[in-house]
1. Of all residues in region 22-48, which are crowded, with 18+ Cβ neighbours inside 10 Å and either farther than 22 Å from Pro187 by Cα or not hydrophobic (A, V, I, L, M, F, W, C) (or both)?
2. Which of the residues spanning region 10-28 are outside any strand (DSSP E or B) and either of a type in the set (D, E, K, R) or within 14 Å of Gln197 (Cβ to Cβ) (or both)?
3. When both residues are 6+ apart or on different chains and their Cβ atoms are under 6 Å apart, which pairs have a first residue that lies in region 13-32 and is under 19 Å from Phe180 (Cα atoms), and a second that is of a type in the set (Gly, Ala, Ser) and not in a helix (DSSP H, G or I)?
4. How many residues are out of contact with any Ser or Thr (no Cβ under 8 Å at 6 or more places or on another chain), among the aliphatic types (A, V, I, L, M) and crowded, with 18+ Cβ neighbours inside 10 Å when one looks only at region 231-257?
5. Would you tally the residues in region 180-201 being crowded, with 18+ Cβ neighbours inside 10 Å and under 25 Å from Arg52 (Cβ atoms)?
6. Any residue at all in region 120-134 that is among the β-branched types (Val, Ile, Thr), at negative phi, open to solvent by 30 Å² or more (accessible area, probe 1.4 Å) and free of Cβ contacts under 8 Å to residues at least 60 places away in the same chain?
7. Can you find even one residue in region 166-179 that is assigned to a loop (DSSP other than H, G, I, E, B), among the small types (Gly, Ala, Ser) and under 23 Å from Leu13 (Cα atoms)?
Amino acid sequence: MQPAREAEVMQLLGGCLYKYGPLEHLRRTLEDCTIGFSALKDFNDIHEYEYRITHYFDSIESEKILLEPKTNALSKVEGQIAEYLNGVRVSCFSRSPLSALMWSHYADQHRGICYCFQNKNDVRIFEDEKIEFGSVIYSSHVPEITVYQEQTTRAMLKAEAKDVILTKSSEWSYEQEVRFFGELDDPAVRFSPSALQAVIVGRRVNNEQIAEIEQKVQKFNQANECSARVLYSHRLATTFQFGVDSNKGYRDSCETNFNARIPVLPELLGDAVTSISRAED
């Protein structure tokens, strides 16, 4: 799939991660340079935060002792995992700016926007070094946390628990998700202004709203000495996919002229529905 007809725009989009969102959050995002982070339990996936524990004991005797009500090892392990996961906040990005389902689910049914963030070694999206990130692993199995008696430390358990954050059901694979996460107190985290490369406008955003978006991006650039661009999503002529362009006029043309396809036939076969002779009659 070609996301844009312009080589420059294609190159820009190829090096970004994408954050879908509603239009109503744009002003706060650009003025404060912040992105929201949420607890796993607040996400819409019913399977978020689900996992299973496999605990290996060094003997049957140890298992009996450690599973007694007063010294229940599994309860302690579950408590430590819950303590970590409850303190973690997550922000979800995608590797694709052209997912119709993502636009529908997370960008107000194409009435919202998509932020394009560069994320390379020399430009981090988030300035806080405590924030980690990783690609989501899609699986048909619940993530497993493995514990070994007298071997697994608290730090090791925390590392294992990260699999819970980065594993989702295969049904969500269309999201191509990348997650940023960390133990955070503030749900709004500052991003590096230089990381924001562009804002893509949804197909159902009207002209008045587009003018406001363009003004807000211009103010953001002036305030932060940046050069973020406004790009426009649009329909394609022959497929259910869509593209992105830097030219609003081209976008408007694609949207309004989509159904005007008038090929010239070499000859008329049979009784034509439209004909010059009928028009003259």
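The values are calculated or read from the model by the stated rules, or taken from the named source; none is laboratory data. Predicted model, so just to flag it, every value in this text is computed and none were measured. Note that each Cβ is placed from the backbone with ideal geometry, even for glycine, and that neighbours are counted across all protein chains shown. Please note that ligands, DNA and RNA were not included when accessible areas were found on the heavy atoms of the full protein model with its side chains. Shrake-Rupley method; radii C 1.70, N 1.55, O 1.52, S 1.80 Å.
1. Thr29, Glu48
2. So the first thing to find is which residues in region 10-28 are outside any strand (DSSP E or B), and the list is 10-15, 22-28.
Across region 10-28, the qualifying residues are Met10, Gln11, Leu12, Leu13, Gly14, Gly15, Glu24, Arg27, Arg28.
3. That search, which allows pairs on different chains as well, returns Tyr18/Ser94; Tyr20/Ala107; Gly21/Gly112.
4. Matching residues across region 231-257 total 0.
5. Going through region 180-201 one residue at a time, the tally reaches 2.
6. Taking region 120-134 as the starting set, the residues that turn out to be among the β-branched types (Val, Ile, Thr) are 123, 125, 131.
From what is left, the residues that are at negative phi are 123, 125, 131.
Subset that is open to solvent by 30 Å² or more (accessible area, probe 1.4 Å): none.
Looking through region 120-134, none of the residues is among the β-branched types (Val, Ile, Thr), at negative phi, open to solvent by 30 Å² or more (accessible area, probe 1.4 Å) and free of Cβ contacts under 8 Å to residues at least 60 places away in the same chain.
7. Step one: list which residues in region 166-179 are assigned to a loop (DSSP other than H, G, I, E, B), which gives 166, 176.
Restricting the remaining residues to those that are among the small types (Gly, Ala, Ser) gives none.
For region 166-179, residues assigned to a loop (DSSP other than H, G, I, E, B), among the small types (Gly, Ala, Ser) and under 23 Å from Leu13 (Cα atoms): absent.
So that you can scan it fast, the table gives a plain yes or no per residue for (1) part of a strand (DSSP E or B); (2) of a type in the set (Ser, Thr, Tyr); (3) over 30 Å from His141 (Cβ atoms); (4) at pLDDT 95 or above:
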| residue | (1), (2), (3), (4) |
| --- | --- |
| Lys158 | no, no, no, no |
| Phe181 | yes, no, no, yes |
| Val205 | no, no, yes, yes |
| Gln209 | no, no, yes, yes |
| Val230 | yes, no, yes, yes |
| Thr238 | no, yes, yes, no |
| Gly243 | yes, no, yes, no |
| Asn259 | no, no, yes, no |
| Glu267 | no, no, yes, no |
